[in-house]
């Protein structure tokens, strides 16, 4: 209830102000709310580290074998962990009705959506990037490849949030939505996986990684322009317009 | 058109060729029959419903 | 013209249209299937490299074509449903999904059956098979979304968004997979490549492709009709229809 009142006050204020103010209001509100539920923040990261840990246990601790597939493991684990966070984007706002108010407001639907996605990325993508950098040495990822891994994640995690938001909006309030979200997201982000892992592998071999990073950048730009439209329409449909 | 007695052997590839065609046939048939049956069921259900309604009125 | 289209977008006229069209489409597909299979198994000469096993392309390639074509139809019909809010296009989009998934499955299964004698293994991470597999995942996601949302119209419209996102994504998936494949496999040529095709081999292929298209058209209309009747079961025209049936 307190959350609702907080939101309502800020929303009323936001109605009379500029788009930028609205955007930042939603953004800070979401970050503020997200920070309060620490388990939701931490659990995906713990899950990520657990998945990473299973591979040396399954394959064996040989450095060479692990190094060869380290980029693949890190990226697959990151994708899985991030698809688990998608449920949080819209769920609580959907359940307490505030999302409906937001979408029904005549103002800047795409901005609202964009702010929520950005907040999700800050809350789940950024911690994941930091976590990956810490996890790299666990799999003997060489340092120069770690830098490339960092770049692929910086370009890739926003895409995960953007595409994830589409799936999150489509599956709001549906039974066992978590599983369904993963099913919807995973085929869509396979190109991301291909380019990112191959960039890191190339970096390990000392080859150029520009091509892959350009592809990732292009996909990011495409997702940035189109995903908010899809999310906004999906929200309108699921809320019965 | 080479049609000797070993047409069914498909030059040694019989298993692969015939299972491809067989599988295709099965899938196409299932896709044909399942909506047929479900439509019949639906119509029967609706007919039953309308009969019930009629007797209710009477 | 516009009037004609809007007329058939109404559920009742659609029902009548389907009743009139499907026999033609169905029989057309059946005749073409017979002709195509005859051409595929008897008329076409054996390939000089692959021998008789190449005859699998007559079911493999049309299935693969259909799998992509149906996804496009699904997205286009879904988009039309979003814009004009027509029940008929929603029904067509929803009915396309299981058909598309079946064709994708067929393309994968027959590709695998072809690959076994050619490559020696049931599965090779070849670019085309991999793209087809991801396409199957896209279909399965769509179907899962449909069954998760109870209200059929909302489900159809949510599915339309998903299908449109998929359409934007398909070229990216396709090129990324192709690129990934050349990266990892080097210059090994996929043997599933249609061999420089002889005209006698091509004609049955085209007939089969046409047969698959007509089959799809007939089946999607039958499924959509079923869906329309179910959604409209409380409307007057369906009640009248049922009364006619009862009278008979």
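A few notes on this one:
- For chain A: relative contact order, % (alpha-carbon pairs under 8 angstrom, 6 or more apart): 25 percent
- Taking the convex hull of Cα positions in region C:198-241, its mean projected area over all directions (nm²): 3.4 nm²
- Distance distribution P(r), chain C, all Cα-Cα pairs, bin width 5 angstrom from 0: 1, 6, 12, 15, 16, 15, 12, 10, 7, 4, 2, 1, 0, 0 percent.
- Separation between Cα centres of region A:163-192 and region C:26-102, rounded to whole Å: 28 Å
- Cut-off 12 Å (backbone N to label point 7 Å along Cα→Cβ of residue A:47), residues of region A:149-191: A:177-183
- Order of C:114, C:180 - criterion: other Cβ atoms within 10 Å of each residue's Cβ, fewest first: C:180, C:114
- Region C:111-187 - Kirkwood radius from inverse mean 1/r over Cα pairs (Å): 14.3 Å
- Relative exposure of C:65, A:75, C:24, judged by other C-beta atoms within 10 Å (fewest first): C:24, C:65, A:75
- Cα shape, region A:149-241, gyration tensor, a/c 1.5 rule: prolate
- Extension gain (nm, one decimal) between residue A:133 and residue A:28, 0.36 nm per residue minus Cα-Cα: 35.2 nm
- Each Cα pair under 8 Å and six or more residues apart adds its separation to the average, and for region A:125-241 the resulting relative contact order is 36 percent.
- 19 Å reach of a label modelled at residue C:16, 7 Å along Cα-to-Cβ, counting backbone N of region C:81-115: C:87-89
- Tensor-based shape of the protein assembly as shown (alpha-carbon gyration tensor, a/c under 1.5 rounded, otherwise prolate or oblate): oblate
- Here the spin labels are modelled as points 7 Å beyond Cα on the Cα-Cβ line, and at residue A:221 and residue C:206 they lie 4.1 nm apart.
- As a proxy for reagent exposure, ranking A:152, C:86, C:104, C:182 by other Cβ atoms within 10 Å from fewest up yields C:182, C:86, C:104, A:152.
- Take each residue of peptide C:25-38, count the partner chain Cβ atoms within 10 Å of its Cβ, and average: the result is 1.
- Entry note, chain C: relative contact order of 34 percent, from Cα contacts under 8 Å with a spacing of 6+ residues.
- Solvent-free Debye calculation, one equal scatterer per alpha-carbon of region B:9-57: log10 I(q)/I(0) at 0.16, 0.18 Å⁻¹ equals -0.62, -0.68.
Where a number appears in this text, it was derived from the coordinates with a stated rule and is not lab data. Note that the coordinates shown come from a computational prediction; the quantities given were computed from them, not determined experimentally. Methodologically, a virtual Cβ is constructed for each residue, glycine included, from the backbone with ideal geometry; neighbour enumeration extends over all protein chains shown.
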